[in-house]
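**Q** Provided herewith is a single structure, encoded as structure tokens, for subsequent inquiry.
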Amino acid sequence: MTKVSKLNAVTLSTPITIDGKEVKEITLRKPSTGELRGLGTVDILRMEVDTMLKLLPRITQPPLSSLQISAEIALEDFTELATKTLLFFAKKEQLDGQLLELEAAP
């Protein structure tokens, strides 16, 4: 059986605790246009830290605050979260053969 990795999930190198539960994986969902309000698209594509600290809390599951992201998420995990966020800006044809699970906003 082939192992399939989700393009919109990050397995944390160092698990964090949220509401008393250990979290080992963070999933990203595709942002709506409204969730990009107040953010510069170019800043997102350049993975500007301040911009990503505003965007990631809007699209992470379980929901993370900007404080949790800046204080508890390891740098390598933050970089992977930011990088995977950019995949939502690519057309499906560019991701052909990849698995990108998109869920409706709760």
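Values quoted throughout were computed directly from the atomic coordinates according to the rules given, and no laboratory measurement underlies them. Not measured: the values here are computed from a predicted model. Here the Cβ positions follow ideal geometry from the backbone for every residue, glycine too, while neighbour counts run over all protein chains shown.
**Q** Quick one: which of 28-40, 53-65, 10-22, 69-81 comes out on top by average Cβ neighbours within 10 Å, and what's the full order, highest first?
**A** Result, highest mean Cβ count within 10 Å first: 53-65, 69-81, 28-40, 10-22.
**Q** Mind listing the phi-derived Karplus ³J(HN,Hα) values for the stretch 58-66, rounded to whole Hz, using 6.51, -1.76 and 1.60 with θ = phi - 60°, and x for any glycine or proline?
**A** 7, 10, 9, 10, x, x, 10, 8, 5
**Q** Over the Cα atoms of the stretch 2-90, what is the Rg over Rh ratio if Rh follows Kirkwood?
**A** 0.95
**Q** State, in angstrom, two size descriptors of the stretch 24-73 derived from its alpha carbons: Rg to one decimal place and Dmax to the nearest whole number.
**A** For the stretch 24-73, the Cα-based Rg and Dmax read 10.6, 30 Å.
**Q** Let me ask something additional. The stretch 19-36 to the stretch 53-95: how many Å between their Cα centroids?
**A** For the stretch 19-36 versus the stretch 53-95, the Cα centre distance is 8 Å.
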